[in-house]
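Structure first, then comments.
The values are calculated or read from the model by the stated rules, or taken from the named source; none is laboratory data. Keep in mind that what you see is a predicted model, and the values were worked out from it rather than measured. A quick note on method: Cβ atoms are made from the backbone with ideal geometry, for glycine too, and the neighbour counts reach across all protein chains shown. SASA here: full protein model, heavy atoms, side chains in, ligands and nucleic acids out. Shrake-Rupley method; radii C 1.70, N 1.55, O 1.52, S 1.80 Å.
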Amino acid sequence: MTTVIDGKAVAASVIETVKSATQTLETETGVRAGLAVVIVGDDPASHAYVSAKSRMAKECGFLSVQHTLPGETSQEELAALVAELNADPSIHGILVQLPLPKHLQSEPIIQSILPEKDVDGLHVVNAGKVATGDLDGGLVSCTPAGAMVFVRRTHGGDLSGLNAVVIGRSNLFGKPMSALLLAANATVTTAHSRTKDLAAVCRNADILVAAVGRPEMVKADWVKPGALVIDVGINRVAAPERGEGRTKLVGDVAFEECAKVASVITPVPGGVGPMTIAMLMANTIIAAYRKAGQNPPKF
Ligand code: GUN
């Protein structure tokens with residue numbers, strides 16, 4: 001029997017841990033965790049994500065602050081807001097929603113966030129800590145951190161002897177995901193669009209993680225029987241079977257056929273997606289515990 005991971009349920013259990021850790025921190029130290037989310041412009045999809053993040057932060061018991069800046073905000077104005085949030089002791093986590101409007105450079109903004117408040121895990125200090133295996137010192141970016149929760153719940157914390165293949169080499173996902181799997185003792189291959197015979201490489205994977213942005217690219221004969229398959233892709237495709245002009249979300253994995261070969265698989269939607277916000281909350285409470293000189297909870 002194949003297990004289809006219920007990402008919503010796993011995310012809910014992470015959120016429960018965050019909520020109780022938030023209460024404990026406030027009771028024992030008087031510190032309330034604070035998350036600031038910054039959005040520039042009026043892209044509706046970004047606003048939907050940001051509202052969900054702010055709402056979840058409130059539900060966790062955090063001080064939840066949202067800064068909505070007009071589309072014509074200058075680089076200097078945005079930098080000044082980040083500097084203000086860096087200096088604000090009530091704020092433990094800062095997230096600047098991406099993408100920024102075209103006239104703004106995101107990289108200097110992201111790199112200006114204090115690493116200890118970089119709950120997105122995008123600062124080079126945090127990326128470097130992940131790359132060097134210093135997982136208890138920095139903040140891990142949310143999507144790979146969420147995918148690793150699934151890996152740990154399937155295989156435990158020690159992946160010795162297991163082959164892992166990550167398809168995708170982005171700084172946002174592929175590289176940190178490979179580093180996290182390696183830190184857990186897996187034998188890791190980072191595959192990408194230039195990899196020779198990708199199907200054969202993937203068939204070797206006990207843990208196969210797909211993050212390529214190509215709808216349903218991973219087929220059943222790419223999957224090793226009994227593998228854990230984690231689908232990080234979110235692709236909107238035409239769905240004429242649902243009516244004219246209708247669309248649906250699919251992952252990078254051809255779910256129905258791969259589910260017959262895998263032993264554990266994540267669906268799209270409802271797999272990795274819900275974990276991203278949950279891990280943002282996890283990073284915020286971790287940052288708040290550290291700032292208060294306390295041992296943070298583990299996820
Ligand atoms: N836009 C889409 N996903 C993300 C994310 O994880 N972090 C930020 N900052 N922006 C995003």
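How many of the residues making up the stretch 226-255 are over 24 Å from the mean Cα position of the chain (by Cα) and of a type in the set (D, E, K, R)? Residues in the stretch 226-255 being over 24 Å from the mean Cα position of the chain (by Cα) and of a type in the set (D, E, K, R): 4 in total.
Among the residues making up the stretch 68-88, those that are free of Cβ contacts under 8 Å to residues at least 40 places away in the same chain and either within 15 Å of the ligand (Cβ to nearest atom) or assigned to a helix (DSSP H, G or I) (or both) are Thr68, Leu69, Gln75, Glu76, Glu77, Ala79, Ala80, Ala83, Glu84, Asn86, Ala87. Annotation note: of Ala52, Ala48, the sole residue that is in contact (Cβ under 8 Å) with a residue 40 or more places away in the chain and closer than 18 Å to Met281 by Cα is Ala52. Here Leu180 clears all of (1) at negative phi; (2) in contact with a strand residue (DSSP E or B) (Cβ under 6 Å, 6 or more places away or on another chain) except the condition numbered (2).
Check Leu122, Leu98, Leu104 and return the single one that is open to solvent by less than 30 Å² (accessible area, probe 1.4 Å), among the hydrophobic types (A, V, I, L, M, F, W, C) and either outside any helix (DSSP H, G or I) or in contact (Cβ under 8 Å) with a residue 40 or more places away in the chain (or both). Give the derivation first.
Numbers: Leu122 fails: open to solvent by less than 30 Å² (accessible area, probe 1.4 Å); Leu98 fails: open to solvent by less than 30 Å² (accessible area, probe 1.4 Å).
Selected residue: Leu104, the only one of Leu122, Leu98, Leu104 that is open to solvent by less than 30 Å² (accessible area, probe 1.4 Å), among the hydrophobic types (A, V, I, L, M, F, W, C) and either outside any helix (DSSP H, G or I) or in contact (Cβ under 8 Å) with a residue 40 or more places away in the chain (or both).
If you go through the stretch 15-29 one residue at a time, do you hit one that is over 18 Å from Asp120 (Cα atoms), assigned to a loop (DSSP other than H, G, I, E, B) and either of a type in the set (S, T, N, Q) or free of Cβ contacts under 8 Å to residues at least 40 places away in the same chain (or both)?
So the first thing to find is which residues in the stretch 15-29 are over 18 Å from Asp120 (Cα atoms), and the list is 16-17, 19-29.
Now drop any that are not assigned to a loop (DSSP other than H, G, I, E, B), which leaves none.
There is no residue in the stretch 15-29 that is over 18 Å from Asp120 (Cα atoms), assigned to a loop (DSSP other than H, G, I, E, B) and either of a type in the set (S, T, N, Q) or free of Cβ contacts under 8 Å to residues at least 40 places away in the same chain (or both).
Of the candidates Ile109, Ile91, Ile39, the single residue that is assigned to a loop (DSSP other than H, G, I, E, B), in contact with a helix residue (DSSP H, G or I) (Cβ under 8 Å, 6 or more places away or on another chain) and surrounded by 15 or more Cβ atoms within 10 Å (Cβ to Cβ) is Ile91.
Set side by side, the residues Val218, Val253, Val223 differ, and just one is open to solvent by less than 40 Å² (accessible area, probe 1.4 Å), more than 30 Å from Thr29 (Cβ to Cβ), in contact with a helix residue (DSSP H, G or I) (Cβ under 6 Å, 6 or more places away or on another chain) and free of Cβ contacts under 8 Å to residues at least 60 places away in the same chain, which is Val223. For the stretch 56-88, the set of residues classified as open to solvent by 40 Å² or more (accessible area, probe 1.4 Å) and polar (S, T, N, Q) consists of Gln66, Thr68, Gln75, listed by residue number. Answer yes or no as to whether Lys102 is more than 12 Å from the ligand (Cβ to nearest atom), among the basic types (Lys, Arg) and out of contact with any helix residue (DSSP H, G or I) (no Cβ under 8 Å at 6 or more places or on another chain). It is true that Lys102 is more than 12 Å from the ligand (Cβ to nearest atom), among the basic types (Lys, Arg) and out of contact with any helix residue (DSSP H, G or I) (no Cβ under 8 Å at 6 or more places or on another chain).
Screening the stretch 158-188 for residues that are open to solvent by 40 Å² or more (accessible area, probe 1.4 Å) and either among the acidic types (Asp, Glu) or within 16 Å of the ligand (Cβ to nearest atom) (or both) and picking the one that is farthest from Gly251 (Cα to Cα) gives Asp158. Sort out which residues of the stretch 249-267 are among the acidic types (Asp, Glu) and not in a helix (DSSP H, G or I), and write them in order of number. Passing the criteria: only Asp252. Selection of the stretch 140-157 for residues being surrounded by fewer than 18 Cβ atoms within 10 Å (Cβ to Cβ) and within 15 Å of the ligand (Cβ to nearest atom) yields an empty set.
Residues of the stretch 270-278 include none that is under 18 Å from Val209 (Cβ atoms) and in contact with a Leu (Cβ under 6 Å, 6 or more places away or on another chain).
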